[in-house]
């Protein structure tokens, strides 16, 4: 836990350099963060971003890592499902998919 806190402090103290070295324009980062421009620059100058705000900024400037984290999380959840016996046979999954597609087709043509 100490290492995580030290990393947070390091990132918080160097966020201005991190953003300057980002491939994204500052205007884009500010817009996507949802923080008003004056507030964003004040927080950057004072190095006072909340942890949630730093996370949002990190997701903006490192979208590949966010995708990677989501994939790793999905894999972990899948492994847990297998471990807990929450699985289906391939043939059953295909049948359910075909049934859903057929239902959507019927709904589409009935609406016409």
| task | Quick one: in segment 58-91, of everything that is at pLDDT 85 or above and touching a helix residue (DSSP H, G or I) at 6+ places or on another chain (Cβ under 6 Å), which residue is surrounded by the most Cβ atoms within 10 Å (Cβ to Cβ)? | result | 60
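Output the residue which, of all residues in segment 29-47 that are touching a residue at least 24 places away in the same chain (Cβ under 8 Å) and exposed (fewer than 15 other Cβ atoms within 10 Å of the Cβ), is nearest to residue 11 (Cα to Cα).
Of everything passing the filter in segment 29-47, 47 is nearest to residue 11 (Cα to Cα).
The values are calculated or read from the model by the stated rules, or taken from the named source; none is laboratory data. If you're wondering where the values come from, they're calculated on a predicted model, not measured in any experiment. Glycine gets a Cβ as well: all are built from the backbone with ideal geometry, and neighbour counts include every protein chain shown.
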